[in-house]
Every structure is written in C-alpha cells, then in structure tokens.
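> What follows is a single structure, and I will ask about it in a moment.
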Amino acid sequence: MATYFDRPMVRRFITAWGQMLLLLSILCTWPAYAAGEELSGIATALGVESVQEATPDSDPAPDEEASEPITSLPTTAPPPVISGESTNNGQIETTPTPQKDNEIRQRINGIFSEIEGLQAVNVSVSQGVVTLTGETANEKKAQQAINLTNRLTDVVTVDDNINRTLDVQENVSTVYQGLKAQLENLVKALPLLLVGIVIFVLVTWFGSWLSNRKRMWQRLTPNPFVAELLSQTVKVIFIIFGLILGLSLIGAETILGTLLGGAGVIGIAVGFAVKDTIENYIASLMLSIRQPFRARDQVVINGQEGIVVRLTSRATILMTLDGNQLRIPNAEVFKGTILNYTKNPERRFTFELGVDANDDPLAAIKVGLDAIGTLAFVLDEPKAIAVIINVGDSNIVLEFQVWVDQSETDFAKARSIAIRETKHALENEGFSLPEPIYRLRFNDKLEKAIEHMQNSTSSAKSDMTITSTTPEPKVERQNNDIPVDDKDKKQAKARAKVILQGRNADEVLDARPDDKLMEKVEQEIAQSSDETDLLNNNSPQE
C-alpha cells in the first residue's frame, strides 16, 4: 500500500483533492467572519445573545446581552455574572419595596417583548424573587430568559416554571430563517470571495510553475532526490502563502489558525499511521546523499547478496545471483551492514587441503603454489600464499590464499578450478591426501577365538582331496609393487583426461563471469519505472 501511494499520479490526485476540500471549507465558513453586522439578525433568529454595553439613557437591544448587568435602579454593588443558574448571587437588600418589584417586572417584560420566542413568558416578582411562567419553544429559549433575568441586580433568585413546548414548526422556522440569512450574506460576499480565490489560484499556479523547473533545481544540487524535495517544498510554501493572502483579503484570517490547528492534529495521527513510510523516506534522502553504492555493484546487505539495480524513494532493488529481484526497504539498508565487493575489484578466496603427516608441508606448499601460479586468472600482486593452519592425528592441513580480479573473473568458478589444480599437482608429485583411519581393538578372548577359527579352517582345507579331472584355472596375480589405490587413481585420471578433451570442456574450465546474469541486470536497469532512480554517478560517494 505504501508503494502505491508513492506513485506521482496518485500524489497529484491527492494534492488536487486536498486543495479542493480546502477551498470548500473556506466557502462554508467564511460568511461567519466576513459579515459581522448581518450576524446580529441571525443571532436574533437563533436566540443567541450579543454583547453590548447598556447606558442609562438608552435601553439595550432586546436581542443582545450587555457586558454589564442590566439594572432597574442605580447601584454601586458589583453585579455577578451567572450562566445557566437560576439563583442571583448579588447582595440582597434589607428593605425591599413593591416599587422595586414593579420596576423589575416591567423591565423584564420589556426585554422579553422584543426577543423572538420569549413573548409568551409571563413574569411575576415578589420580594425580589422572579417567577417565570408561560411557554418557550425549546430549552435554549428558556435558559435565555433565565439568564437575562439573573442579569438584573435587584433580582434575588429566579423560579423557573416555564413550559418547553418543543414545537416542531417554531424550531424548524427558526433554523430556516438562520440558514436563509446566512445564504444571503454569502451571496453578498461572493465578489470579494471570488477575488480571494483568484489570488490563491494565481499564487499556487506560480508555485507549481516554479517547482516544475527541473533544470534549475538540478543546477542547485546534482542529487535528483534533493532537487525534487526542494521543488515540492517551494510548491507547498507558495500554496500556504496564497492561502494567507486570500484569507487576509476577505478578512477571515482566523480560519487559517483553525485549519493549521486541525492540520497539526491530523498530521500527528497520520505520522503515527505511516511511521514506516516516513522512516523509509528519510532513509532514502540520506542514501541519495551518501551514495554508498552504484548500479551494477555486487553487494551484501544484512546477509542478502545481489547486484544493485536501482535505488528508489522507498526501497533498494537488487538482482540476486539466482536471477531473482530483491527489494530491501531503505530504512533497513540505511541502518544495516553493507559489504560492497565491486568497490575493490581485488578479492581473495581461500581453501584447505590436507597432506600426510609424513610429508613435508613446505614442499607441499611449493607444489600447490606453483600449480596455482599457472592459472591465468590468478593475480601476481597480491601474491598467492599458503600457510599451515593445523596438524592433526594423521594429516597436516594447509590453507591456500589466492587473489583474483572479480570484475573479470567469476569468484566461485575460480575457487573451484584452483582447488582442482592444486589437488592434482600434489597427487602427481607423490603427496597423498590422507583418508580417515579407524583402529579396531579387541579383547584377548575374542582374539583367541578368531585365531582358533582361522587354524580350524586351514586344517580342514589341507585334508580335502580334489577328485575333479577339470584342469586348474590359471590365476593372474596383481603386481605387488603397484598398490591397488594407485591403480585406481591412475584409471580415474585417465578417464578424466578423456572426458575433458570433449567439445564443451572449455566451458567447465572457463572462469569468466556469467554474461546471462549481467544481461538480466541491464534489462532491469533499462526498464522504465514510475519511481525515480536516486543513484547518480555524478554525485560524490562516501
């Protein structure tokens, strides 16, 4: 899935839809910020109180709440501000009068008569205690009446006896009027909104045009991955800059803070979800800068051996020696151990051979090195050497160390041929390669029993008489001077000589690299891919 989202076409599709959603969110939320004066009518329709300072000479708007408490009589006591409670925490006077109760009732009735949805609320006041009866359409209107009543300084407490009718028609009509007013404000703001959108589109288009100047970014940095990263960063900067300009023009800068805050929360959640993808992306950036290997290099990465095909923004692609494609995540490559055989073409291989304990090991070393020196693929510098690494019970183990140029020689074939030539040279010079020797030990009784059986068999044969008239066959005895093992070895060598004189014998003794594997590597490198190859021969290697 992460590889699918790395494709450029999908990235462009997601970017286009993201910009479309951003514009839609601005269209839906801008009128709340751009038309402040008209929102008072909407607040009245929805029953939302505005804040306006009350003065003794003029009454506050019926649908607005004052920043200071609504007073029926002048007072010096600081008014309390209570939300959603029916009890006024102001100071209670010790000498209440009916005149004050009447002023409180008239003041509340006057306010309720100007607010839509509160005309049906009845008010009665006694000793500063306000009792509210009647009907409201919903709980919100009832709480509005209670809060307004609590704002009066001479109110001791509020007794809520309001009946919430929850009438469908009244509630739906209120919402409808609010939506209608909001739509009218949007229509009024369309010219300014279109200008903001045009500015945003122009700035975004210029950022996209600038980011597509690939030659300019490649001049700044030879690394293609870093160049692409810079171009995308410039594009994002211009998109944000255009968004700020458009929102500033229509007077909705607050939306930007909301969007950035939401984007931050979403970014954290997405970051945890795609942690591996982000880790691979950063590792790809570091590998493209460091360039630890080139295409066609034979490497071993965390035990996985193969020939490098390409380095993408997500994975390193190898062609194994078996001809299979291998993808290793870049995070694992960056943190792993990399063994590059191609970095230094001179490579050494070793092998062990044992000679008889009675043979001189130095003489065997000379014979083996002389045979190795006749091979065309063996390098003169560094020279091949051999050392004694162990003396066993019945043999002496020699280790031969040979250097080859692996850019022109197949490593495994060269080692195989060198082992064969060294073995034959030692055998031809009379050195024996010892075989395992097992010694059997018997107790005295078993030895006597075996000896008695042999004596009985020989005496029985001597007593036998031959009555047959058939002439005795002639038995050819082997020459005791030539051991049977030597005869077998000579026969095996003669058989091998005949076989190696065949038509395809040169292919067996050829130590050059396999051309078929390199052809597959070249096909993989030449194959077109949607992923950009981050390996660049012009970039410096670490």
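> Quick query: amide H of residue 315 versus all other amide H atoms, modeled in the peptide plane; which residues come in under 5 Å with a sequence gap of 5 or more or a different chain?
Close amide H contacts, sequence-distant or interchain: 330.
> Enter the Cα centre distance for the pair the stretch 114-193 and the stretch 287-355, rounded to the nearest angstrom.
76 Å
> Between residue 338 and residue 324, what is the spin-label point distance in nm, taking each point 7 Å from the Cα along the Cα→C-beta axis?
Calculated label separation equals 2.4 nm.
> What spacing in nm lies between the two simple spin-label points modelled at residue 508 and residue 304, each 7 Å away from Cα in the Cβ direction?
3.7 nm
> Just to check, using Stokes-Einstein with a Kirkwood Rh over alpha carbon pairs, what's the diffusion coefficient of the stretch 311-423 at 10 °C and 1.306 mPa s in µm²/s?
So the translational diffusion coefficient is about 96 µm²/s.
> Could you compute the FRET efficiency for residue 127 and residue 163, with r as their C-beta to C-beta distance and R0 at 25 Å, rounded to 0.05?
About 0.55, to the nearest 0.05.
> Please report, as a whole percent, how much of the solvent-accessible surface of the stretch 255-386 comes from carbon and sulfur atoms (probe radius 1.4 Å).
It is 58 percent, rounded to a whole number.
> Shifting gears a bit: Per-residue HN-Hα couplings for the stretch 197-207, Karplus 6.51 cos²θ - 1.76 cosθ + 1.60 at θ = phi - 60°, whole Hz, x for Gly and Pro?
Along the stretch 197-207, the couplings run 5, 4, 5, 4, 5, 5, 5, 5, 5, 5, x Hz.
> Applying 1/(1 + (r/R0)^6) with R0 = 30 Å to the Cβ-Cβ distance of residue 493 and residue 405, what FRET efficiency is obtained, to the nearest 0.05?
0.45
> Would you tally the net charge around residue 206, using a Cβ to Cβ cut-off of less than 15 Å, leaving residue 206 out, and scoring K and R as +1, D and E as -1?
Summing Lys/Arg as +1 and Asp/Glu as -1 gives +2.
> Starting from the Cα-Cα distance between residue 244 and residue 420, subtract it from 0.36 nm times their residue separation and give me the gain in nm to one decimal.
Extra length from residue 244 to residue 420 when fully extended: 55.6 nm.
> Under unit Cβ charges (Lys, Arg +1; Asp, Glu -1), what dipole magnitude, rounded to 20 debye, does the stretch 369-430 have relative to its Cα centre?
That gives a dipole near 160 debye.
> Rolling a 1.4 Å sphere over the protein heavy atoms, what is the accessible area per residue of the stretch 119-216, to the nearest Å²?
Result: 56 Å² of accessible area for each residue.
> Given H placed on each backbone N at 1.01 Å, which residues far from residue 351 in sequence or on other chains put an amide H within less than 5 Å of it?
400
> Leaving out ligands, DNA and RNA, what percent of the accessible area of the stretch 390-432 is carbon and sulfur, probe 1.4 Å?
Ligands and nucleic acids excluded, carbon and sulfur reach 42 percent.
The values are calculated or read from the model by the stated rules, or taken from the named source; none is laboratory data. Predicted model, so just to flag it, every value in this text is computed and none were measured. We place every Cβ from the backbone using ideal geometry, glycine too, and count neighbours over all the protein chains shown. SASA here: full protein model, heavy atoms, side chains in, ligands and nucleic acids out. Shrake-Rupley method; radii C 1.70, N 1.55, O 1.52, S 1.80 Å.
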